[in-house]
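Each remark here refers to the structure printed beneath this line.
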Amino acid sequence: MVKTSVSELPKRTTRSCSLTESARKQHEVQETVEPLFPSVFSNFLFREESISLDVLLQHFPGRRSQVLEILQLIGPLNSPMIPLFVYGGPSTGKSSVVTQVFRHLNRPFVYASCCSCYSPSILFQYVLNQLFLLTKNLRNDFSSSWSCERASDFIILLKDALTQFVSVVGECSDKSDLKQSTALGDGKMIYLVFDNVEMIRHWDGSSDLISILFKLQDLLRMVEVGLIYISRAGPNCYYANIGSTEPLPIFFPDYTEDDLYEILMRNQVNPKLYSSFLRVVLKPFYRVTRRLDELSIAFQPLFEKYREQVSDPKLLPDETMNRRLFDNIQPHIAPSIDEIMKVSSLQLQQDNTGKFSNEKRSAKKFHGNAAYDGLDFHMSLSTKYLFLSAFLASRNPPTLDSAMFDSTGGSSNQKRKRKSSEASRQEKDHNLQAMLLKGPGSFSLERLLAIFQCITYVADCYPERETLDNQMYEDERSGATSDVLLQLSSLCEANFISKSASCSLEGFTRYRCTVDEIIALKVARSISFPLSKYLYRG
Amino acid sequence: MVEKKAAAAAEASVLLRRRLCDSAFIFAPLRSSPDGNYSKLKFLISNSITEACNNSVLILGPRGSGKNAVLELVLEDLRGEYQDMISVVRLNGLLHGDDNYGMKEIARQLCLEHGLLFSKIASSDDNSRFLIDMLRECGLAHKTVIFVLDEFDLFTQGKQRLLYGLLDAMQSLVSQSVVIGVSCRLDADQLLEKRVRSRFSHRKLLFVPPSVEDLQRLVERILYLPADFSSPCDFVTEFNSKLGKIFVDKKFKDVLGSVSNVDGSISNLLRFLFRVVSSLDLESGLLSLDNFKTASLSIHRHPKMENIRNASILELYLLVCMHRLEVKEQNSYNFNSIMKEYKAIHDAYKSSDCRGGNACLRAFEHLLERELISFTDTRRGGLSIEYRPVKLLVSPHELHQGLKSYPSCPVILQKLLNHETYK
């Protein structure tokens, strides 16, 4: 049994894995709707058989000291505890260690992640639901009283639920019914685990909620309740909110190179080959990132490339072959480091905007991909021109518009550039610096339309342009601006252009182009538009 | 024999942990001191019970100094002495800081206590009228209502209608109640509005952190096993004699001194002892000086340093670049200027690992996540990460220390940092 449970466990038990695991667990519980009282209790517990300490330590290479420390602090059966604060970087195994420790101990606990419970009332409800031993659709007569929005109601209900739990456990252990007590888990303690506490800081009215969570021990005054907080941010971020029972900190450091090697080596089909591969790639990647999730994603395509050279998968690589493989993979490493890291971390985008706009996030990702894959998105020709004019409007100072877009089509620009003295170069440097700092500028709709008119007109006059295009521009120019406005809004939707807050003085919306030069140049190349000619460079 | 000993040790550790989590046990000796806060508070409240008068008092002191624990002791003892003559209403500023909800909570608790039906939909006016009526009724029945307002300072944030309502109701002759405010803000009474302050009796009880000698006495009281401990007698004597040896050791006094120097509150000491007890070796079953030493090291952490030590080499490069920019007195910089600096370093020193913009941006995001750096602006719409101005959240000294303790830190980084800072 123990053996099978090992193989069942995912290779890396990161947070996402443990979350899916807990989600699966809930699913299981919901499916097996049984009216019997004790069976509902297993809601708290892992259905699987509890694991031994050795297996537990084996699951988490490099986490030995942390596992032992948590076990020590949770302590023997029926011993009260001071709240724990588990912290460390992402994908260092905090959540999975804690949940697996409880699996090892076989004690009842409630796991609530502030990531999936994204508002106070949902968090409260989730915890209460878990505690009241039944899901909402099991018994409806309770659900009305649970819709608790306020923390004060939550505390009252939580206290009720906990006392109920404690009394039930007490009864069961009095009866010393062996079968029941195994269903309940061991001991009279109940543990509440709050994961991703750092997310709360971005909620509305967060400081109160954090204080309340950290003061639960004082507010409940129940020795039977053990509290564990899991957070990515260190305790220094919460000092202002923590009450008198400051929780005990447990630090999960990032994995070292050896730990990563050991973790990545697990469950490999061809360990010899993979180990020789890791010896080549792990070091340079380790200098850039230490996060297991990123590394494992980065290594997958690289290993495919590495393996291509080996004809027989069963073959054991010898010294000369290693050499050959190394030579093959070496040139790929540096570019792939840069390439893999491109996908913008979504987490951060959320944090910045503080909003959960799915549309926006997917757009961001999409535009990130576009950067190195060439133009893999489709745009109508006029949209491309509009896009470019937006880019120009963002990059060029508005005062230079007339100089750039006069009838000669920006040729005067070249003349001006030629006479650069020492002083003007310094000024240029200064301007460049300022531009780096300021980022793309914002522009009004009128300016965008004016530039759009100009560049489509210039494109019109170009002798080498095909007549087909010309035909289009004729239509375009004669057409109403409503079309352009529609395209503008779709560009906004795709997050190429962002709408900034309307200027209070002028009273209309301003726009800002958020793409970088590389993409703009690619778009320009695809319609053979001389973008760099119009770009002001300090 | 060994098993028996291990069982005894486990039992002992459970007992010690239970003691550490039981504030009544820890603060019990305060009962005996005649001029302590316990006696003062008890005298004050029992006086107003027996004399049938109104009173109000503030209990002030830093966090973790046992304000609430002492109050609980007093209330428990009073309940023993005057069984049916008191009823306690507890409010917490965190939960009931809002005036309306505070009133509601008072009404709810009073209803619960006196077996009345509580209506959820009663308005704030109804509730405050109910409060006045209840106070009159209780006064006529010679029953004292004790209001405990925890986190008292938070009640003063709004219009203070709750405080005014409570204290104003106490002005009448028939009522008989005590308002006890507990706060960690020493200036809590200054926060009161004039109309509230004038109705408040300016009694204050101040809790001060205990001296090192007191702490040592407390440690001894907590850790010594009782003689009637239900295990082989020799285990208790062995355990206690080992402890006695540790307590007189000068090294132990140093450890205790270092713990109380950082934070001299009792709760900090309890956390420290909890670490000690939880690291109790079940095989020998005895505490050693090493337990105390490791606990004192693990309880005080330096999250910033840990974060620096966690950072990858590329992230360190970015940190050093930011530091260089700050030394150059650039008052505002963003990712692009950092990248420029980064490229400049690589051009100047020809170091081997120069990464592209994407990897650097990712490392930059990691730094943001680690909270070693942060944006200076909050939510400027539309600007992408590269352009938003950032700042360092670590001091040059911390960065220096972090690099020093970093395993296999590139020499060039240290050189760059030293060159700039300690020229």
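The values are calculated or read from the model by the stated rules, or taken from the named source; none is laboratory data. All of these numbers come straight from a predicted model, not from anything done at the bench. Cβ coordinates were reconstructed from backbone atoms using ideal geometry, including for glycine residues, and neighbour counts include every protein chain displayed. Each accessible area value is taken on the protein alone, full model and side chains, heavy atoms only, with ligands, DNA and RNA left out. Shrake-Rupley method; radii C 1.70, N 1.55, O 1.52, S 1.80 Å.
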Taking the simple approach of a point 7 Å from Cα along Cα-to-Cβ for both B:CYS53 and A:SER65, what is their distance in nm? 6.1
Carbon and sulfur %, accessible surface of segment B:305-421 computed with the full protein complex present, 1.4 Å: 50
Express the relative contact order of segment B:115-241 as a whole percentage, based on alpha carbon pairs under 8 Å and six or more residues apart in sequence. 22
Note to self: C-alpha centroids of segment B:88-141 and segment A:196-211 sit apart, in Å, by 29
Note down the nm distance, to one decimal, between modelled labels 7 Å out along Cα→Cβ at B:GLN157 and at B:ILE132. 2.8
With only helices counted (DSSP H, runs n ≥ 4, each -39500 (n - 2.57)), the per-residue ellipticity at 222 nm for chain B, to the nearest 500, works out to -18000 deg cm²/dmol
Report the calculated FRET efficiency for B:ASN100 and B:ALA227 (r = Cβ-Cβ distance, R0 = 56 Å), to the nearest 0.05. 0.55
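Compute the FRET efficiency between B:GLU193 and B:ASN261 as 1/(1 + (r/R0)^6), taking r as their Cβ-Cβ distance and R0 = 51 Å, and round to the nearest 0.05.
For R0 = 51 Å, the calculated efficiency reads 0.80.
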GluC sites (Glu not before Pro) in segment B:50-115 lying in a DSSP loop, each with at most 14 other Cβ atoms within 10 Å of its Cβ, come to B:GLU51
Approximate spin-label separation B:LYS251-B:ASP35, in nm, with each point projected 7 Å along Cα-to-Cβ: 4.0
Averaged over B:355-367, number of beta-carbon atoms from partner chains that fall within 10 Å: 6
Length-normalised contact order for segment B:305-421 - Cα pairs under 8 Å, 6+ apart - percent: 40
Give me a single rounded figure for A:286-299: the average over its residues of other chain Cβ atoms within 10 Å of their Cβ. 3
Whole Å is fine, so just give me how far the alpha carbon centre of segment B:273-289 lies from that of segment B:40-61. 42
Per residue, how many Å² of accessible area does segment B:33-206 show with a 1.4 Å probe? 45
Quick one: among B:LEU16, B:LEU319, B:LEU44, which has the greatest mean-square fluctuation in a GNM of chain B with alpha-carbon springs under 10 angstrom? B:LEU319
Within the set B:LYS328/B:LYS404; B:LYS4/B:LYS242; A:LYS522/B:LYS340; A:LYS159/B:LYS5, which residue pairs have Cα atoms separated by over 27 Å? A:LYS159/B:LYS5
Please report, ordered by residue number, every helix of chain B (full DSSP H runs) that is 27 Å or longer along its axis going by C-alpha atoms and whose mean Kyte-Doolittle hydropathy reaches -1.0. B:2-21
Connecting C-alpha atoms closer than 10 Å in a GNM of chain B, tell me which of B:PHE364, B:PHE147, B:PHE252 has the biggest fluctuation. B:PHE364
Give me the summed buried accessible area for the B-A pair, 1.4 Å probe, to the nearest 100 Å². 6100
Dividing the alpha-carbon radius of gyration of segment B:159-293 by 2.2 N^0.38 Å (N being the number of residues), what value is obtained? 1.63
Using 1/(1 + (r/R0)^6) with R0 = 56 angstrom and r between the beta carbons of A:TYR239 and A:ARG266, what's the FRET efficiency to the nearest 0.05? 0.90
³J(HN,Hα) across segment A:442-457 via Karplus (A = 6.51, B = -1.76, C = 1.60, θ = phi - 60°), whole Hz, x for Gly/Pro? 9, 8, 8, 5, 4, 5, 4, 5, 5, 5, 4, 4, 4, 6, 5, 5
How big is segment B:33-206 along each principal axis, measuring the range of its Cα positions in Å and listing the largest first? 46, 35, 26
Less than 13 Å Cβ to Cβ from B:GLN171, Lys/Arg counted +1 and Asp/Glu -1: what total charge do the surrounding residues give? +2
